[in-house]
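Please read the structure below before turning to the comments.
A short reminder: the numbers here are calculations on the coordinates, not readings from a lab. The structure displayed is predicted, hence computed values, not measured ones. Because the Cβ atoms are built from the backbone with ideal geometry, glycine has one as well, and the counts that use them run over all protein chains shown.
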Amino acid sequence: MERKYIICDPELCTGCGICELACSAEKEKTFFPELSRIRLAVVDEKTAMSISCRFCDDTPCITACPRDALSMDEDRNVIRVDKLRCIGCGWCIEACDFGAIAISHAVKSIVFCDLCEERSQPKCDEFCPKQALKVTTFETVAQNLRDKVTKRLTGSK
């Protein structure tokens, strides 16, 4: 099974933060962005986008964890956190190239996206008012980029 992840289109994202609220409500039953598994990154007043775990093939977060609290669930292609082992040291946060992992001081553990695996659609995607989020794969993103470059090079629209 190809790994899926959530991608955000920065041309559609307004930076409203509804994705963070929807996620924290779904996962923690409270509207508290710190507990969200998706994070809003605001670059400037015109550019914002949400970031979540990409479930990298080389999983630097798992490698960095000194307590072996993280593991890849190969059946579901999501990363699991053993909250009994996680001490919130933050090494996984530093290892993540995407800034997709956060520490929750409320639960004294790290939190990151699991694609709302118990649902058919992630809550953040469902509630995004601009439909800036979507679940995709690395191959789909690569093919879309190839298509875009080909159109630009050939002058097609």
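Numbers below:
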{"quantity": "Free-standing Cys, the chain [no other Cys Cβ under 4.7 Å]", "calculated": "CYS8, CYS13, CYS16, CYS23, CYS56, CYS65, CYS86, CYS89, CYS96, CYS116, CYS128"}
{"quantity": "Listed pairs LYS83/LYS123; LYS130/LYS151; LYS46/LYS148; LYS83/LYS130 exceeding 29 Å between Cα atoms", "calculated": "LYS83/LYS130"}
{"quantity": "Cα-centred dipole magnitude for the chain, charges only on beta-carbon of K, R (+1) and D, E (-1), debye, nearest 20", "calculated": "320"}
{"quantity": "In sequence order, calculated HN-Hα J values of region 36-45 (Karplus, 6.51, -1.76, 1.60; Hz; x Gly/Pro)", "calculated": "6, 9, 10, 10, 7, 10, 9, 7, 7, 5"}
{"quantity": "Relative exposure of CYS56, CYS19, CYS89, judged by other C-beta atoms within 10 Å (fewest first)", "calculated": "CYS89, CYS56, CYS19"}
{"quantity": "Cα centroid of region 114-157 to Cα centroid of region 42-80, whole Å", "calculated": "18"}
{"quantity": "At most 16 other Cβ within 10 Å, DSSP loop - chymotrypsin sites (Phe, Trp or Tyr not before Pro), region 50-157", "calculated": "PHE98"}
{"quantity": "Approximate spin-label separation THR140-ARG76, in nm, with each point projected 7 Å along Cα-to-Cβ", "calculated": "1.9"}
{"quantity": "Nonlocal amide H pairs with ALA41, under 5 Å, H built at 1.01 Å", "calculated": "MET49, SER50, ILE51"}
{"quantity": "Gain upon complete extension [VAL149, ILE87; 0.36 nm per residue less C-alpha separation]", "calculated": "17.8 nm"}
{"quantity": "Distant-in-sequence amide H partners of SER104 (H built 1.01 Å from N, under 5 Å)", "calculated": "SER109, ILE110, VAL111"}
{"quantity": "Mean residue ellipticity (222 nm) of the chain, computed from DSSP H runs ≥ 4 via -39,500 (n - 2.57), nearest 500", "calculated": "-7500 deg cm²/dmol"}
{"quantity": "Full-extension gain in nm, ASP58 to LYS29, via 0.36 nm per residue minus C-alpha separation", "calculated": "7.2 nm"}
{"quantity": "³J(HN,Hα) computed for each position of region 145-152 - Karplus, 6.51 cos²θ - 1.76 cosθ + 1.60, integer Hz, glycine/proline x", "calculated": "5, 4, 4, 5, 5, 4, 4, 5"}
{"quantity": "Degrees between helix 18-28 axis and first principal axis of the chain (Cα, 0 to 90, nearest 10)", "calculated": "30"}
{"quantity": "Cβ-based exposure ranking for GLU11, GLU34, in which fewest neighbours within 10 Å come first", "calculated": "GLU11, GLU34"}
{"quantity": "Debye log10 I(q)/I(0) for region 1-103, one point scatterer per Cα, at q = 0.14, 0.18 Å⁻¹", "calculated": "-0.59, -0.96"}
